[in-house]
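The values are calculated or read from the model by the stated rules, or taken from the named source; none is laboratory data. None of the values given here were measured: they were computed from a predicted structure. Positions of Cβ are generated from backbone atoms using ideal geometry, with glycine treated the same way; all protein chains shown enter the neighbour counts. The area values use the complete protein model at the heavy-atom level, side chains included, leaving out ligands, DNA and RNA. Shrake-Rupley method; radii C 1.70, N 1.55, O 1.52, S 1.80 Å.
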Amino acid sequence: MDRRSFLRTSALGGSAAAASTLAAPAYAQGKRTLTMVTSWPRGFAVLDDAASYLVDYVNKVSDGNLTIDKKAPGELVGALEVFDAVSSGQADMYHSADYYFVGQHPGYAFFTAVPFGGTAQEVANWYHHGGGQELHDELGSIFNLKGLIAGNSGSQSGGWFRNEITSADDFNGLKFRMPGLGGQVLGKLGASVQNIPGGELYQALSSGALDGLEWVGPMADERAGFQEVAKIYYTAGFHEPGSALASSVNLDVWNDLSENHKNILDIASQAVTHYQLAETLANNGAALARLQAQGVKTLQFSDDVWDAFGRASAEVMDENMGDELFARIRGSFEESLASSASWINKSDGYYVAQRVRVLGQ
(Lines give C-alpha, C1' and ligand atoms only; values in the text may rest on other atoms or scores of the structure.)
Protein backbone atom coordinates (compact mmCIF):
# COMPACT_ATOMS: atom_id res chain seq x y z
CA MET A 1 0.00 0.00 0.00
CA ASP A 2 1.47 3.38 -1.00
CA ARG A 3 1.63 6.36 1.37
CA ARG A 4 -1.44 8.07 -0.07
CA SER A 5 -3.57 4.93 0.22
CA PHE A 6 -2.33 4.35 3.76
CA LEU A 7 -3.19 7.91 4.77
CA ARG A 8 -6.66 7.66 3.23
CA THR A 9 -7.36 4.34 4.94
CA SER A 10 -6.03 5.56 8.24
CA ALA A 11 -8.00 8.78 8.12
CA LEU A 12 -11.26 7.11 7.14
CA GLY A 13 -11.03 4.12 9.38
CA GLY A 14 -9.12 5.50 12.30
CA SER A 15 -10.65 8.81 13.26
CA ALA A 16 -11.43 7.52 16.73
CA ALA A 17 -7.81 6.45 17.12
CA ALA A 18 -6.66 9.84 15.89
CA ALA A 19 -8.90 11.54 18.41
CA SER A 20 -7.31 9.54 21.20
CA THR A 21 -3.88 10.91 20.27
CA LEU A 22 -4.93 14.55 20.33
CA ALA A 23 -3.12 16.70 22.82
CA ALA A 24 -5.47 17.61 25.63
CA PRO A 25 -7.16 20.89 24.65
CA ALA A 26 -6.73 23.80 26.99
CA TYR A 27 -9.99 24.61 28.78
CA ALA A 28 -10.30 27.15 31.58
CA GLN A 29 -13.55 28.82 32.53
CA GLY A 30 -15.04 28.14 29.09
CA LYS A 31 -11.90 29.17 27.20
CA ARG A 32 -10.12 27.08 24.60
CA THR A 33 -6.68 27.25 23.01
CA LEU A 34 -5.82 25.60 19.68
CA THR A 35 -2.25 24.72 18.76
CA MET A 36 -1.48 25.88 15.21
CA VAL A 37 1.67 24.69 13.44
CA THR A 38 2.85 26.78 10.50
CA SER A 39 5.18 26.47 7.53
CA TRP A 40 6.53 30.01 8.01
CA PRO A 41 9.45 31.28 10.09
CA ARG A 42 8.38 34.06 12.42
CA GLY A 43 8.38 37.43 10.72
CA PHE A 44 8.17 36.17 7.14
CA ALA A 45 6.34 38.83 5.13
CA VAL A 46 2.89 37.99 3.72
CA LEU A 47 2.83 34.36 4.86
CA ASP A 48 3.58 34.61 8.57
CA ASP A 49 1.72 37.93 8.46
CA ALA A 50 -1.45 36.06 7.49
CA ALA A 51 -0.92 33.45 10.22
CA SER A 52 -0.34 36.18 12.82
CA TYR A 53 -3.43 38.11 11.74
CA LEU A 54 -5.49 34.95 12.15
CA VAL A 55 -4.25 34.57 15.72
CA ASP A 56 -5.10 38.21 16.47
CA TYR A 57 -8.52 38.16 14.80
CA VAL A 58 -9.67 35.00 16.56
CA ASN A 59 -8.60 36.37 19.93
CA LYS A 60 -10.35 39.72 19.35
CA VAL A 61 -13.59 38.35 17.92
CA SER A 62 -13.92 35.73 20.65
CA ASP A 63 -12.99 38.22 23.40
CA GLY A 64 -10.23 35.82 24.41
CA ASN A 65 -12.48 32.77 24.79
CA LEU A 66 -10.86 31.10 21.75
CA THR A 67 -7.13 31.58 21.25
CA ILE A 68 -4.49 30.13 18.94
CA ASP A 69 -0.99 29.15 20.03
CA LYS A 70 1.08 29.65 16.86
CA LYS A 71 4.16 27.47 16.37
CA ALA A 72 6.89 28.26 13.85
CA PRO A 73 8.75 25.47 12.02
CA GLY A 74 10.90 23.48 14.40
CA GLU A 75 8.98 24.47 17.52
CA LEU A 76 6.76 21.39 17.26
CA VAL A 77 7.18 19.96 13.74
CA GLY A 78 9.01 20.90 10.56
CA ALA A 79 7.69 23.33 7.96
CA LEU A 80 6.50 20.63 5.58
CA GLU A 81 5.32 18.26 8.32
CA VAL A 82 2.33 20.35 9.40
CA PHE A 83 -0.22 18.45 7.28
CA ASP A 84 0.59 15.07 8.82
CA ALA A 85 0.82 16.59 12.30
CA VAL A 86 -2.72 17.97 12.11
CA SER A 87 -4.14 14.99 10.24
CA SER A 88 -2.89 12.66 12.98
CA GLY A 89 -3.86 14.95 15.86
CA GLN A 90 -0.39 15.98 16.96
CA ALA A 91 -1.55 19.57 16.49
CA ASP A 92 -5.01 21.14 16.22
CA MET A 93 -4.62 23.16 13.01
CA TYR A 94 -2.05 24.38 10.51
CA HIS A 95 -1.33 27.47 8.47
CA SER A 96 0.45 26.61 5.25
CA ALA A 97 0.06 26.37 1.48
CA ASP A 98 -1.91 23.28 0.53
CA TYR A 99 -0.02 22.72 -2.71
CA TYR A 100 2.91 21.57 -0.56
CA PHE A 101 0.82 18.44 -0.04
CA VAL A 102 0.13 17.28 -3.60
CA GLY A 103 1.97 14.10 -2.60
CA GLN A 104 -0.98 13.31 -0.34
CA HIS A 105 -3.43 14.19 -3.13
CA PRO A 106 -2.90 16.26 -6.32
CA GLY A 107 -6.26 17.96 -5.75
CA TYR A 108 -4.69 20.00 -2.94
CA ALA A 109 -2.98 22.15 -5.58
CA PHE A 110 -6.27 23.92 -6.35
CA PHE A 111 -6.50 25.23 -2.78
CA THR A 112 -3.29 27.18 -3.24
CA ALA A 113 -2.71 27.67 -6.97
CA VAL A 114 -2.42 25.74 -10.23
CA PRO A 115 -0.56 26.68 -13.41
CA PHE A 116 -2.54 29.20 -15.48
CA GLY A 117 -5.17 29.18 -12.74
CA GLY A 118 -7.20 31.93 -11.09
CA THR A 119 -6.28 35.33 -9.75
CA ALA A 120 -6.90 35.98 -6.07
CA GLN A 121 -10.39 37.28 -6.84
CA GLU A 122 -11.20 34.35 -9.11
CA VAL A 123 -10.03 31.85 -6.48
CA ALA A 124 -12.27 33.55 -3.90
CA ASN A 125 -15.19 33.47 -6.33
CA TRP A 126 -14.81 29.72 -6.76
CA TYR A 127 -14.06 28.94 -3.13
CA HIS A 128 -16.98 30.82 -1.60
CA HIS A 129 -19.55 30.81 -4.40
CA GLY A 130 -18.60 28.02 -6.82
CA GLY A 131 -18.32 24.89 -4.67
CA GLY A 132 -14.64 25.15 -3.72
CA GLN A 133 -15.21 25.11 0.04
CA GLU A 134 -17.31 21.95 -0.21
CA LEU A 135 -14.65 20.22 -2.32
CA HIS A 136 -11.93 21.31 0.13
CA ASP A 137 -13.96 19.68 2.90
CA GLU A 138 -14.54 16.52 0.85
CA LEU A 139 -10.83 16.21 0.12
CA GLY A 140 -9.94 17.04 3.72
CA SER A 141 -12.28 14.38 5.09
CA ILE A 142 -10.00 11.74 3.56
CA PHE A 143 -7.22 13.00 5.82
CA ASN A 144 -9.28 13.95 8.90
CA LEU A 145 -9.14 17.67 8.11
CA LYS A 146 -11.61 20.56 7.88
CA GLY A 147 -10.52 22.92 5.12
CA LEU A 148 -10.29 26.69 5.65
CA ILE A 149 -8.57 29.43 3.64
CA ALA A 150 -6.85 32.33 5.44
CA GLY A 151 -4.74 34.52 3.20
CA ASN A 152 -3.77 35.04 -0.42
CA SER A 153 -0.47 36.33 -1.77
CA GLY A 154 -1.94 37.64 -5.00
CA SER A 155 -0.04 37.06 -8.24
CA GLN A 156 3.40 35.62 -7.56
CA SER A 157 6.54 36.56 -9.44
CA GLY A 158 8.24 34.37 -12.03
CA GLY A 159 11.28 34.07 -9.82
CA TRP A 160 14.91 34.95 -9.14
CA PHE A 161 17.69 33.88 -11.51
CA ARG A 162 21.39 34.44 -11.87
CA ASN A 163 21.11 34.58 -15.66
CA GLU A 164 18.40 35.65 -18.06
CA ILE A 165 16.02 33.07 -19.52
CA THR A 166 16.23 33.51 -23.29
CA SER A 167 14.32 30.34 -24.22
CA ALA A 168 12.58 27.40 -22.59
CA ASP A 169 15.78 25.39 -23.13
CA ASP A 170 17.45 27.46 -20.42
CA PHE A 171 15.41 25.56 -17.83
CA ASN A 172 17.09 22.29 -18.80
CA GLY A 173 19.30 21.25 -15.87
CA LEU A 174 18.47 24.37 -13.86
CA LYS A 175 18.32 23.73 -10.10
CA PHE A 176 15.13 25.55 -9.24
CA ARG A 177 12.78 25.76 -6.26
CA MET A 178 9.08 25.67 -7.15
CA PRO A 179 6.44 23.64 -5.24
CA GLY A 180 3.12 22.24 -6.42
CA LEU A 181 2.08 21.43 -9.96
CA GLY A 182 4.08 24.42 -11.21
CA GLY A 183 7.23 22.59 -10.15
CA GLN A 184 6.12 19.57 -12.16
CA VAL A 185 5.72 21.85 -15.17
CA LEU A 186 9.33 23.04 -14.89
CA GLY A 187 10.33 19.41 -14.50
CA LYS A 188 8.79 18.79 -17.93
CA LEU A 189 11.14 21.48 -19.26
CA GLY A 190 14.14 19.68 -17.77
CA ALA A 191 14.63 21.62 -14.55
CA SER A 192 15.86 19.89 -11.42
CA VAL A 193 12.98 20.98 -9.20
CA GLN A 194 13.19 21.11 -5.42
CA ASN A 195 10.64 21.94 -2.74
CA ILE A 196 12.68 23.66 -0.05
CA PRO A 197 11.01 25.38 2.94
CA GLY A 198 11.06 29.19 2.88
CA GLY A 199 13.40 29.50 5.83
CA GLU A 200 16.15 27.64 3.93
CA LEU A 201 15.90 29.41 0.58
CA TYR A 202 18.33 32.29 1.08
CA GLN A 203 21.13 29.93 2.06
CA ALA A 204 20.35 27.53 -0.78
CA LEU A 205 20.46 30.34 -3.37
CA SER A 206 23.57 32.00 -1.95
CA SER A 207 25.48 28.70 -1.69
CA GLY A 208 24.69 27.59 -5.24
CA ALA A 209 22.53 24.67 -4.13
CA LEU A 210 19.86 26.47 -6.19
CA ASP A 211 20.31 28.30 -9.51
CA GLY A 212 17.03 30.10 -9.01
CA LEU A 213 13.81 30.12 -7.06
CA GLU A 214 10.34 31.56 -6.86
CA TRP A 215 8.97 32.77 -3.55
CA VAL A 216 6.07 35.22 -3.37
CA GLY A 217 6.39 38.78 -4.67
CA PRO A 218 8.33 42.01 -4.05
CA MET A 219 7.18 42.64 -0.47
CA ALA A 220 8.01 39.13 0.75
CA ASP A 221 11.04 38.63 -1.49
CA GLU A 222 12.67 41.87 -0.37
CA ARG A 223 12.34 40.91 3.28
CA ALA A 224 13.81 37.48 2.50
CA GLY A 225 16.87 39.22 1.00
CA PHE A 226 17.07 37.40 -2.33
CA GLN A 227 18.23 40.60 -4.04
CA GLU A 228 21.53 40.21 -2.20
CA VAL A 229 22.40 36.98 -4.06
CA ALA A 230 20.57 37.25 -7.41
CA LYS A 231 19.85 40.21 -9.66
CA ILE A 232 17.51 38.87 -12.37
CA TYR A 233 13.85 39.04 -11.34
CA TYR A 234 10.98 37.91 -13.57
CA THR A 235 7.93 39.75 -12.30
CA ALA A 236 5.15 37.60 -13.81
CA GLY A 237 4.84 33.85 -13.50
CA PHE A 238 2.55 31.14 -14.89
CA HIS A 239 2.47 29.05 -11.76
CA GLU A 240 0.66 31.07 -9.06
CA PRO A 241 -1.61 33.87 -10.30
CA GLY A 242 -3.40 34.06 -6.93
CA SER A 243 -2.11 31.80 -4.17
CA ALA A 244 -4.44 30.95 -1.29
CA LEU A 245 -3.14 30.03 2.15
CA ALA A 246 -4.79 27.29 4.20
CA SER A 247 -5.74 27.31 7.89
CA SER A 248 -7.15 23.80 8.08
CA VAL A 249 -8.25 22.16 11.33
CA ASN A 250 -8.12 18.57 12.55
CA LEU A 251 -11.61 17.25 11.84
CA ASP A 252 -12.06 15.70 15.28
CA VAL A 253 -11.12 19.03 16.86
CA TRP A 254 -13.43 20.90 14.51
CA ASN A 255 -16.37 18.65 15.33
CA ASP A 256 -15.74 19.16 19.03
CA LEU A 257 -15.86 22.97 18.75
CA SER A 258 -18.98 24.92 19.61
CA GLU A 259 -20.89 26.45 16.70
CA ASN A 260 -19.74 29.85 17.90
CA HIS A 261 -16.08 28.85 17.78
CA LYS A 262 -16.52 27.30 14.33
CA ASN A 263 -18.08 30.52 13.09
CA ILE A 264 -15.28 32.57 14.60
CA LEU A 265 -12.60 30.52 12.81
CA ASP A 266 -14.51 30.67 9.54
CA ILE A 267 -15.18 34.41 9.64
CA ALA A 268 -11.69 35.26 10.90
CA SER A 269 -10.16 33.23 8.08
CA GLN A 270 -12.16 35.16 5.50
CA ALA A 271 -11.28 38.49 7.09
CA VAL A 272 -7.58 37.63 7.12
CA THR A 273 -7.68 36.79 3.41
CA HIS A 274 -9.18 40.17 2.54
CA TYR A 275 -6.96 42.24 4.84
CA GLN A 276 -3.65 40.49 4.18
CA LEU A 277 -4.13 40.42 0.39
CA ALA A 278 -4.86 44.15 0.37
CA GLU A 279 -1.81 44.83 2.52
CA THR A 280 0.42 42.79 0.21
CA LEU A 281 -0.82 44.41 -2.98
CA ALA A 282 -0.56 47.86 -1.41
CA ASN A 283 3.13 47.32 -0.63
CA ASN A 284 4.43 45.35 -3.63
CA GLY A 285 4.94 48.41 -5.83
CA ALA A 286 7.12 50.29 -3.37
CA ALA A 287 9.07 47.11 -2.58
CA LEU A 288 9.70 46.54 -6.29
CA ALA A 289 11.06 50.09 -6.64
CA ARG A 290 13.46 49.47 -3.75
CA LEU A 291 14.63 46.20 -5.34
CA GLN A 292 15.32 48.00 -8.61
CA ALA A 293 17.24 50.68 -6.74
CA GLN A 294 19.50 47.91 -5.43
CA GLY A 295 20.41 46.84 -8.94
CA VAL A 296 17.76 44.19 -9.55
CA LYS A 297 16.86 43.84 -13.24
CA THR A 298 13.14 43.19 -13.77
CA LEU A 299 12.13 41.20 -16.84
CA GLN A 300 9.26 39.29 -18.43
CA PHE A 301 9.44 35.86 -20.03
CA SER A 302 9.12 35.91 -23.82
CA ASP A 303 6.00 34.60 -25.53
CA ASP A 304 7.75 31.42 -26.67
CA VAL A 305 8.68 30.66 -23.04
CA TRP A 306 5.07 31.30 -21.99
CA ASP A 307 3.93 28.93 -24.75
CA ALA A 308 6.26 26.25 -23.41
CA PHE A 309 4.85 26.80 -19.93
CA GLY A 310 1.36 26.36 -21.37
CA ARG A 311 2.11 23.10 -23.19
CA ALA A 312 3.84 21.58 -20.16
CA SER A 313 1.06 22.78 -17.84
CA ALA A 314 -1.60 21.04 -19.92
CA GLU A 315 0.40 17.81 -19.73
CA VAL A 316 0.75 17.99 -15.95
CA MET A 317 -2.93 18.74 -15.40
CA ASP A 318 -4.06 15.96 -17.72
CA GLU A 319 -1.77 13.40 -16.09
CA ASN A 320 -3.79 13.67 -12.88
CA MET A 321 -7.19 13.19 -14.50
CA GLY A 322 -7.23 9.50 -13.63
CA ASP A 323 -8.04 10.51 -10.05
CA GLU A 324 -11.83 10.97 -9.89
CA LEU A 325 -11.75 13.60 -7.15
CA PHE A 326 -9.00 15.59 -8.89
CA ALA A 327 -11.10 15.54 -12.06
CA ARG A 328 -14.17 16.86 -10.21
CA ILE A 329 -12.18 19.59 -8.47
CA ARG A 330 -10.58 20.64 -11.75
CA GLY A 331 -13.93 20.67 -13.53
CA SER A 332 -15.51 22.79 -10.81
CA PHE A 333 -12.56 25.19 -10.73
CA GLU A 334 -12.36 25.68 -14.48
CA GLU A 335 -16.12 26.14 -14.80
CA SER A 336 -15.98 28.91 -12.20
CA LEU A 337 -12.93 30.44 -13.86
CA ALA A 338 -14.66 30.60 -17.23
CA SER A 339 -17.75 32.16 -15.69
CA SER A 340 -15.74 34.81 -13.80
CA ALA A 341 -13.53 35.64 -16.77
CA SER A 342 -16.47 36.19 -19.11
CA TRP A 343 -17.31 39.34 -17.14
CA ILE A 344 -13.95 40.39 -15.70
CA ASN A 345 -12.30 40.53 -19.13
CA LYS A 346 -15.08 42.78 -20.43
CA SER A 347 -15.17 45.04 -17.37
CA ASP A 348 -12.16 45.29 -15.04
CA GLY A 349 -9.67 44.03 -17.60
CA TYR A 350 -10.81 46.39 -20.33
CA TYR A 351 -11.12 49.32 -17.91
CA VAL A 352 -7.57 48.93 -16.57
CA ALA A 353 -6.17 48.73 -20.11
CA GLN A 354 -8.01 51.93 -21.02
CA ARG A 355 -6.94 53.70 -17.82
CA VAL A 356 -3.31 52.92 -18.57
CA ARG A 357 -3.76 54.11 -22.16
CA VAL A 358 -5.54 57.35 -21.20
CA LEU A 359 -3.84 58.30 -17.93
CA GLY A 360 -0.67 56.23 -18.01
CA GLN A 361 -1.44 54.53 -14.70
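For segment 272-298, enumerate the residues that are open to solvent by less than 40 Å² (accessible area, probe 1.4 Å) and under 24 Å from the mean Cα position of the chain (by Cα). Reasoning before the result, please.
Pass one, segment 272-298, residues open to solvent by less than 40 Å² (accessible area, probe 1.4 Å): 272-273, 276-277, 280, 284, 287, 291, 296.
Listed by number, the residues that qualify are V272, T273, Q276, L277, T280, N284, A287, L291.
Any idea how many residues of segment 97-156 are aromatic (F, W, Y), closer than 15 Å to F326 by Cβ and open to solvent by 10 Å² or more (accessible area, probe 1.4 Å)?
1
Yes/no matrix, rows are residues, columns are (1) touching a residue at least 24 places away in the same chain (Cβ under 8 Å); (2) acidic (D, E); (3) assigned to a helix (DSSP H, G or I); (4) farther than 22 Å from A79 by Cβ:
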| position | (1), (2), (3), (4) |
| --- | --- |
| L135 | yes, no, yes, yes |
| D170 | no, yes, yes, yes |
| V185 | yes, no, yes, yes |
| L201 | yes, no, yes, no |
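Do any residues in segment 32-57 that are in contact (Cβ under 8 Å) with a residue 12 or more places away in the chain have Cβ atoms under 9 Å from those of residues that are part of a strand (DSSP E or B) and among the aromatic types (F, W, Y), where the two are at least six apart or on different chains, and which pairs are they?
Partner pairs satisfying both residue conditions: T33/Y27; M36/Y94; V37/Y94; T38/Y94; S39/Y94.
Being within 15 Å of the chain's Cα centre (by Cα), modelled with pLDDT of 95 or more and closer than 23 Å to Q276 by Cα narrows it down to one residue among G118, G107; which is it? Full working, then the answer.
Details: G107 fails: closer than 23 Å to Q276 by Cα.
From the options G118, G107, the qualifying one is G118.
Failed condition for L245, given (1) open to solvent by less than 10 Å² (accessible area, probe 1.4 Å); (2) assigned to a helix (DSSP H, G or I), with all others met?
So L245 meets the others, but not (2).
Would you please list the contacts, defined by Cβ atoms under 7 Å and residues six or more apart or on different chains, that run from a residue in segment 337-361 that is in contact (Cβ under 8 Å) with a residue 12 or more places away in the chain and under 19 Å from P241 (Cα atoms) to a residue that is surrounded by 10 or more Cβ atoms within 10 Å (Cβ to Cβ) and small (G, A, S)?
From segment 337-361, the pairs are L337/G118.
Of all residues in segment 76-96, which are more than 12 Å from the chain's Cα centre (by Cα), under 29 Å from A314 (Cα atoms) and open to solvent by less than 20 Å² (accessible area, probe 1.4 Å)?
Answer for segment 76-96, where residues must be more than 12 Å from the chain's Cα centre (by Cα), under 29 Å from A314 (Cα atoms) and open to solvent by less than 20 Å² (accessible area, probe 1.4 Å): just F83.
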